[in-house]
Amino acid sequence: MIDFLLRPFRRNFGQNKAYYRIVDDLFGFVPHNIELYKLALIHKSASLILDDGRQINNERLEYLGDAVIEAVTSDYIYIEYPDEQEGFMTQMRSRIVSRQSLNGIAERIGLAHHVISHSNGSFQQKHIYGDAFEAMMGAIYLDQGYEFVNRLLIDRIYGHYLDLENISESETDFKSRLIEWCQKNHHTIQFRSGQSRSERGGRPVFRATVVIDGLETGHGSGDSKKEAEQDAARSVSQGVSDEVCATLLDKVDRMTV
């Protein structure tokens, strides 16, 4: 009742009214601690520097939100698919909480318009909206509790912005698919991965190369080794079809005999 009475006041008066409106318009409630949500919108590229040199941004909230989203998504899939086994549920969860998926959700709900960043279009910046979405879920968890964020994610966000049928049929595990194809067709495959610092001194970037029968056939990058290898495998799968790839590798085999 108190929150209901304070809602119009917080939306229309005070120095934080713009932030109250953002949260209310996006998620349908007025928060208690607005400072958490203000912080959730600040990407590392736009960090605030304190007098002692510390940087203030949404990375810690992003870390927390990532764990909360995975827990809620596990509940969601368990309820939605009562007859499915662990493998299917794990794969579905991975697809829903992927950086690409969360980035899409953030853009569809309108969160992307409010993220504060100094993006230069580099790879490290491409998931800033998904990162901000995770940070927002971390802020909501701290501000409102687990049960609240659970219902918010499932009813308001997943219920309106996720197409489970489309997700269940989509292909996201390109690495496993490529490995299976190589094993079936008797080709060797190797993933070479490494880590490097970003040019602007930000979060480390992982890079991966797919090597099939000694030939470099795909390259990728990501925020983690796993993501970089998936990106590299995706580059191979999008570049050529199974049939074309088989033909090319057969030609290489004949050339090296």
Condition met for Glu84 (among the charged types (D, E, K, R), assigned to a helix (DSSP H, G or I) and farther than 20 Å from Ile105 by Cβ): no
Checking Arg234 against (1) at pLDDT 80 or above; (2) open to solvent by less than 30 Å² (accessible area, probe 1.4 Å); (3) in a helix (DSSP H, G or I), the condition it does not meet: (2)
Tally, over the stretch 208-220, of residues that are farther than 11 Å from Arg234 by Cα and open to solvent by less than 20 Å² (accessible area, probe 1.4 Å): 3
Given (1) open to solvent by less than 50 Å² (accessible area, probe 1.4 Å); (2) assigned to a helix (DSSP H, G or I); (3) modelled with pLDDT of 85 or more, index of the condition Phe148 fails: (1)
Single unsatisfied condition, Gly65 versus (1) more than 23 Å from Ser117 (Cβ to Cβ); (2) small (Gly, Ala, Ser); (3) under 14 Å from the mean Cα position of the chain (by Cα): (1)
Residues (among the small types (Gly, Ala, Ser) and either surrounded by 14 or more Cβ atoms within 10 Å (Cβ to Cβ) or touching a Phe, Trp or Tyr at 6+ places or on another chain (Cβ under 6 Å) (or both)) located in the stretch 79-99: Ser94, Ser98
Any hit, the stretch 100-115, residues being open to solvent by 50 Å² or more (accessible area, probe 1.4 Å), at pLDDT 90 or above and either farther than 27 Å from Val23 by Cα or basic (Lys, Arg) (or both): yes
Residue within the stretch 45-53 that is more than 16 Å from Leu152 (Cβ to Cβ) and modelled with pLDDT of 90 or more present: no
The stretch 212-232 residues that are farther than 18 Å from Val97 by Cβ and of a type outside the set (A, V, I, L, M), paired with ones that are assigned to a loop (DSSP other than H, G, I, E, B) and open to solvent by 10 Å² or more (accessible area, probe 1.4 Å) (beta carbon under 6 Å, 6 or more apart): Asp213/His187; Asp213/Thr188
Condition met for Tyr19 (closer than 28 Å to Gln230 by Cα, out of contact with any strand residue (DSSP E or B) (no Cβ under 6 Å at 6 or more places or on another chain) and free of Cβ contacts under 8 Å to residues at least 40 places away in the same chain): no
Scope the stretch 43-58; condition open to solvent by 20 Å² or more (accessible area, probe 1.4 Å) and of a type in the set (A, V, I, L, M, F, W, C); matching residues: Leu48, Ile49, Leu50, Ile56
Residue list for the stretch 40-66, filter: free of Cβ contacts under 8 Å to residues at least 24 places away in the same chain, closer than 18 Å to Tyr19 by Cα and aliphatic (A, V, I, L, M): Leu48, Ile56
Residue match in the stretch 74-81 (condition: farther than 20 Å from Tyr141 by Cβ, among the polar types (S, T, N, Q) and in a helix (DSSP H, G or I)): no
Filter result for Asp25 (within 15 Å of Met136 (Cβ to Cβ), open to solvent by 30 Å² or more (accessible area, probe 1.4 Å), out of contact with any helix residue (DSSP H, G or I) (no Cβ under 6 Å at 6 or more places or on another chain) and in a helix (DSSP H, G or I)): yes
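The values are calculated or read from the model by the stated rules, or taken from the named source; none is laboratory data. Every value quoted in this text rests on a predicted model; they were computed, and no experiment measured them. Using ideal geometry, Cβ is built from the backbone for each residue, glycine included, and neighbour counts are taken over all protein chains shown. Side chains included, ligands, DNA and RNA excluded: accessible areas come from the protein's heavy atoms. Shrake-Rupley method; radii C 1.70, N 1.55, O 1.52, S 1.80 Å.
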